[in-house]
Amino acid sequence: MKRLKDRVAAITGAGSGIGRALATVLAAEGCNLALSDIDEDGLEGTAAEASRAGVRVTTERVDVSDREAVERWAETVEREHGAAHMIFNNAGVAMVASLRRVDYEDFHWLMNINFWGVVHGTRAFLPILAKQDEGHIINVSSIFGIIAAPLNGTYNATKFAVRGYTEALRIELELDELPINVTCVHPGGIKTNIARASRRRAEDIAGNEETAIKRFEKSLARTTPEECAQTIVRAVKRDAPRVLVGLDAKIIDKVQRLIPTGYQRLSARLGRPSWRKHD
């Protein structure tokens, strides 16, 4: 994007974490905001914070797994703001479970939000972005869209899918010569409540669940949502195809490049303390 001031950015999952931080960073740049989340209280808190920058902010409760709801929201955004220049498909959830035993219902729940939510947001806003002089689609994957990890196979599946979808989309839009850029975001450990809010199969986790969550929050979640949002916005400004967020994400990406299949043995070793073996 050549400029952010007076543009319109739509953000899913804006009620907390990375979504809230994106809203405040973009508002500080003079960008008007259309915010959505299923958490209405969190959404209003984000709106109040972003509005202090003097930009226009609208909110709507949207479940990104509901295609029709996302499409209605996109229509509302265009009607209320007159345009949309950026869509940040940020909403996401997590799950801790082994692939052998995860319930189909939980797997569908995760895929419907993490992957189909991205598809719904992208397709709903694409026609609006195509009407503008420039547009940008930002899809949030994860460092777990680059490497796999035990007890995160369901999450890996959704985030690898987001990565493939986003990279192919960027190529296709270039071939269509549309003024829409695409960025895939791969955050490492971010200090949000995603681990605490995740669905978990206690039967698959060795030791105490709360201890495992605290270990993640203390040792792995080192990047703040504000730092993450600033990194993403800088990437949008320079039209980066991919952005790695956090030193941990950059290190893991290098490891995967150096030993593209060998990293799996390392992942198994690191994951062993949390793994509860079943016959």
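The values are calculated or read from the model by the stated rules, or taken from the named source; none is laboratory data. Since this is a predicted model, take the numbers as computed values, not measurements. So basically every Cβ, Gly included, is an ideal-geometry build from the backbone, and we count neighbours across all protein chains shown.
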request  = Find the residue count for the stretch 109-141, including only residues that are among the aromatic types (Phe, Trp, Tyr) and under 14 Å from the mean Cα position of the chain (by Cα).
outcome  = 2
note = Checking Ala21, Ala84 in turn, the sole residue that is out of contact with any Gly (no Cβ under 6 Å at 6 or more places or on another chain), small (Gly, Ala, Ser) and closer than 23 Å to Lys191 by Cβ turns out to be Ala21
message = For the stretch 247-257, check the following and say yes or no: at least one residue is outside any helix (DSSP H, G or I), more than 30 Å from Glu134 (Cβ to Cβ) and out of contact with any helix residue (DSSP H, G or I) (no Cβ under 9 Å at 6 or more places or on another chain).
response = no
key: Options Val77, Val93; residue that is surrounded by 18 or more Cβ atoms within 10 Å (Cβ to Cβ) and either in contact with a Cys (Cβ under 7 Å, 6 or more places away or on another chain) or in a loop (DSSP other than H, G, I, E, B) (or both)   = Val93
request  = Answer yes or no: is there a residue in the stretch 37-45 that is under 14 Å from Ala124 (Cα atoms) and modelled with pLDDT of 95 or more.
outcome  = no
task = Report, ordered by the first and then the second residue, all pairs with beta carbons closer than 8 Å, sequence separation of six or more or different chains, a first member in the stretch 250-278 that is under 11 Å from Ala148 (Cβ atoms), and a second member that is assigned to a helix (DSSP H, G or I) and among the hydroxyl-bearing types (Ser, Thr, Tyr).
result = Gln256/Tyr263
message = Among the numbered criteria (1) assigned to a helix (DSSP H, G or I); (2) within 20 Å of the chain's Cα centre (by Cα), which one does Ser36 miss?
response = (1)
message = Just to be sure I understand the filter: pairs with C-beta atoms under 6 Å, separated by 6 or more residues or on different chains, first member in the stretch 50-69 and in a helix (DSSP H, G or I) and buried (at least 16 other Cβ atoms within 10 Å of the Cβ), second member hydroxyl-bearing (Ser, Thr, Tyr) and modelled with pLDDT of 95 or more. Which pairs pass?
response = Ala50/Thr24
note = Just one listed residue, out of Thr46, Thr24, is surrounded by 24 or more Cβ atoms within 10 Å (Cβ to Cβ), part of a helix (DSSP H, G or I) and either out of contact with any Cys (no Cβ under 7 Å at 6 or more places or on another chain) or not hydrophobic (A, V, I, L, M, F, W, C) (or both), and it is Thr46
message = Name the single residue that is surrounded by the fewest Cβ atoms within 10 Å (Cβ to Cβ) among those in the stretch 117-175 being of a type in the set (Asp, Glu) and in a loop (DSSP other than H, G, I, E, B).
response = Asp133
query = Is it true that some residue in the stretch 107-130 is of a type in the set (D, E, K, R), more than 17 Å from Ala157 (Cα to Cα) and touching a strand residue (DSSP E or B) at 6+ places or on another chain (Cβ under 6 Å)?
reply = no
